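Have a look at the structure below, then the notes.
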Amino acid sequence: MAQGKGNVAGTVIVVIALLGLMIHCEIVNAATQTINWTFNVVNWPQGKNFTAGDTIVFNYAPSTHNVVVVDANGYTSCKIPTGAKVFTSGNDQITLAKGQNYFICGFPGHCGAGVKIAVNAV
């Protein structure tokens, strides 16, 4: 019986090690893409592939832009919903969630001038 318990313990250790490797591989596969956050970037995501966990770095002058995470309605209407997350560093690193991710500039008139992107992460 002691020998059987040893095999179970060994199997548990192997399973834990494999799970750790899978998690590490997922992290390693995450990509980082940088966008110069300015006017007419609405088409920037076209032709690019995004995966949940990827990071987008938004580069801009904080005195002229910001980045606001919005939902589909905020994206379409260029209106910032209550409680939206606003980034203002000029070098914002935002990790993508699975599905549609929407970002706009909250400065008046900027979103309507194309300072917005919609990114689908699979």
**Every residue from region 16-40 that is of a type outside the set (A, V, I, L, M, F, W, C), modelled with pLDDT of 55 or more, farther than 15 Å from Leu96 by Cβ and out of contact with any helix residue (DSSP H, G or I) (no Cβ under 8 Å at 6 or more places or on another chain)** = Asn36, Thr38
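Return yes or no: is Asn43 assigned by TED's automatic domain parsing to the domain that holds Asp92, at pLDDT 95 or above, loosely packed, with under 10 Cβ neighbours inside 10 Å and within 25 Å of Lys98 (Cβ to Cβ)? Before you say what the answer is, go through the steps one by one.
Working: assigned by TED's automatic domain parsing to the domain that holds Asp92: yes; at pLDDT 95 or above: yes; loosely packed, with under 10 Cβ neighbours inside 10 Å: yes; within 25 Å of Lys98 (Cβ to Cβ): yes.
Criteria met by Asn43.
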**Fill in**
Here the qualifying pairs (Cβ atoms under 7 Å; residues six or more apart or on different chains; first in region 70-84 and touching a residue at least 24 places away in the same chain (Cβ under 8 Å); second hydroxyl-bearing (Ser, Thr, Tyr)) come out as Val70/Tyr102; Asp71/Tyr102; Ala72/Tyr102; Gly74/Tyr102; Tyr75/Tyr102
**Request:** Return the only residue of Val57, Val41 being part of a strand (DSSP E or B), in contact with a strand residue (DSSP E or B) (Cβ under 8 Å, 6 or more places away or on another chain) and within 25 Å of Val122 (Cα to Cα).
**Result:** Val57
**Asked** Within region 94-122, which residues are closer than 13 Å to Ser77 by Cα, outside any strand (DSSP E or B) and not aliphatic (A, V, I, L, M)?
**Response** Cys105, Gly106, Pro108, Gly109, His110, Cys111, Gly112, Gly114
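The values are calculated or read from the model by the stated rules, or taken from the named source; none is laboratory data. All values reported here derive from a predicted model rather than from experimental measurement. As a convention, Cβ positions derive from the backbone with ideal geometry for all residues, glycine included, and neighbour counts pool all protein chains shown.
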